[in-house]
Amino acid sequence: RNDSLDEDEYTPFYGLVCFIWAILFLRFWERQENELAYQWGTFALTAYERQKYFAKRVDFHGYVRVSPVTGELETYFPNFRRRVRYLVSAAVTVAMLATAFTVMILSLNLQGYIRPQTNPQRWHADNTHPFHFPKLAELAEEGNMFDMNSAWRSFIPPVIHVACIFTLNNIYRMIAEHLTTYENHETELSHSNSLILKRFLFEAFDCYIALFYLAFYERDVSRLRGELVTVFQIDTIRRLLLECLIPAVLVWMRTGRFWVPNTHGKAKQEEPPTLDDIIKEADMDPYEQFDDYMEICIQIGYTTLFASAYPLASLVSIVANWIEIRSDAFKLAACCQRPVPFRASGLGMWRTLLSTLIWMSALTNCLLAGFTSDQLMHYLPSFYLRDQTGFSDLGHEKGWVLVFVIFGLERFMLVVGLLLYNIIPQVPESLLDKIERRQFVRTQEAEQLKNEERQKRQKKKKL
């Protein structure tokens, strides 16, 4: 029909489909987590087991006092002092976020995305654009250094922006580690959760802030799509190069070839590793699973938060993840040390972050369909006004009704998501049967022991 993405009346439904898929993915992943936790013996860790496996950090310090609970000596660090350190961490993080926001504004000016002249009703002499820098924006004009109409020069600012994001993330990674250590967490679990939260907030802000700005401040879906396509695809290519090319080069430098033979067969597994094998593995780099988790979380945000703006992101993610699965397997087998096992019952903080992104996508996709683009205008044309420049806005008399409709759709999506999320049980029925069977066997064994003890006591009395 020669319709564009925004002119097609079925585009908003893709956001709904993507949201439902994400909810189902989250629920079925939790079910898979529980099955694996039961299989690996971590399904229901007691408080004692958590204290045992999530023991105190070696670097935890404080003063020695008599525990009011156990009456024994313990190392204690007051909570109010840690809260003061939280404020210091928050202040440093806000300063870094302000730096990332400044870089984003400069990048959008270089790309020609901030152009007040395209919306004269909103930006004029009495109401100037607060983030427009004319000298930088001129570089994106036709014939200049970063010509936005050029086939290759228009890609230079996004590449620079992605490089800046990567650099800022590496800088904040070191800052976050120092801040988390400064907070002096008692257990490894709380230390890890705090570090994950800091790094995710910064990296998510760094990756998404330009998209949220174009979507909900500029309200320009075409520029949003252009920025999303370039940043998402450049970041995907960067990930594949780092995950595929660099590990292959490292193997080539160490062994003289880009691949290693398969040594994980049954015969090889039965043979104990030699001293040379242990020395070679000790010289390898440790496996950093943190970055792999972070990349997947950021990718899910791209595909769900802005689903109706760039539906092709899901397909790109499937292809990229399929390649990365094999590259990660190659990296684990040939380039890195074996990961240190850590008892856990699930993803922990990562699952909380994934859940937050998925539930937020209901709001962002409804706002994209109703406020940012013309997708909802196909169904409610009388609620919109379009000026001579082609910019559409909410009707002044019926605008409040449209706002009610948009947020009503968001609530409808949340209700559907909650119904699906709660209808599907978190623990599979087959797993519940195994748990009940295990509890029944334990009860029977306990009764049998009691009966044996009772019989022994009766025999002693007779004697």
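What the table below lists for this structure:
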| quantity | calculated |
| --- | --- |
| Region 90-110 - residue that is in contact with a Phe, Trp or Tyr (Cβ under 7 Å, 6 or more places away or on another chain) and of a type outside the set (A, V, I, L, M) and, of those, nearest to SER190 (Cα to Cα) | THR93 |
| Flag if LEU245 is open to solvent by less than 10 Å² (accessible area, probe 1.4 Å) and farther than 18 Å from MET294 by Cβ | no |
| Selection from region 144-180 of residues that are of a type in the set (Val, Ile, Thr) and out of contact with any His (no Cβ under 8 Å at 6 or more places or on another chain) | ILE156, VAL159, ILE160, VAL162, ILE165, THR167, ILE171, ILE175 |
| Among the residues listed as ALA140, ALA151, the single one being of a type in the set (Gly, Ala, Ser), modelled with pLDDT under 80 and in a loop (DSSP other than H, G, I, E, B) | ALA151 |
| Filter result (touching a Phe, Trp or Tyr at 6+ places or on another chain (Cβ under 8 Å), open to solvent by less than 90 Å² (accessible area, probe 1.4 Å) and either assigned to a loop (DSSP other than H, G, I, E, B) or at pLDDT below 85 (or both)) within region 56-66 | PHE60, GLY62 |
| Output for region 284-313, where each listed residue is over 15 Å from the mean Cα position of the chain (by Cα) and either part of a helix (DSSP H, G or I) or under 15 Å from VAL17 (Cβ atoms) (or both) | ALA307, SER308, ALA309, TYR310, PRO311, LEU312, ALA313 |
| Unique residue being part of a helix (DSSP H, G or I) and modelled with pLDDT of 85 or more when the list is PRO157, PRO130 | PRO157 |
| Subset of region 415-434 (residues that are part of a helix (DSSP H, G or I), among the aliphatic types (A, V, I, L, M) and within 19 Å of TRP29 (Cα to Cα)) | VAL416, LEU418, LEU419, LEU420, ILE423, LEU431, LEU432 |
| Among residues of region 405-463, those that are within 27 Å of MET360 (Cα to Cα), among the hydrophobic types (A, V, I, L, M, F, W, C), in contact with a Lys or Arg (Cβ under 9 Å, 6 or more places away or on another chain) and modelled with pLDDT under 90, counted | 1 |
| Options HIS178, HIS191; residue that is closer than 17 Å to MET349 by Cβ, open to solvent by 10 Å² or more (accessible area, probe 1.4 Å) and within 29 Å of the chain's Cα centre (by Cα) | HIS191 |
| Residue list for region 75-104, filter: part of a helix (DSSP H, G or I), of a type in the set (A, V, I, L, M, F, W, C) and either in contact with a strand residue (DSSP E or B) (Cβ under 7 Å, 6 or more places away or on another chain) or in contact (Cβ under 8 Å) with a residue 60 or more places away in the chain (or both) | VAL88, VAL92, MET96, LEU97, ALA100, PHE101, VAL103, MET104 |
| Conditions (1) under 23 Å from VAL231 (Cα atoms); (2) of a type in the set (Phe, Trp, Tyr); (3) touching a residue at least 60 places away in the same chain (Cβ under 8 Å); number of the one not met by TRP152 | (3) |
| Single residue of LEU97, LEU106 found to be modelled with pLDDT of 85 or more, under 27 Å from the mean Cα position of the chain (by Cα) and either among the acidic types (Asp, Glu) or open to solvent by 50 Å² or more (accessible area, probe 1.4 Å) (or both) | LEU106 |
| Per-region count, region 347-366, residues free of Cβ contacts under 8 Å to residues at least 24 places away in the same chain and not in a helix (DSSP H, G or I) | 0 |
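The values are calculated or read from the model by the stated rules, or taken from the named source; none is laboratory data. Computed from a prediction, not measured in an experiment: that's the story for all the values here. Because the Cβ atoms are built from the backbone with ideal geometry, glycine has one as well, and the counts that use them run over all protein chains shown. Protein only, heavy atoms only, side chains kept; ligands, DNA and RNA dropped before computing areas. Shrake-Rupley method; radii C 1.70, N 1.55, O 1.52, S 1.80 Å.
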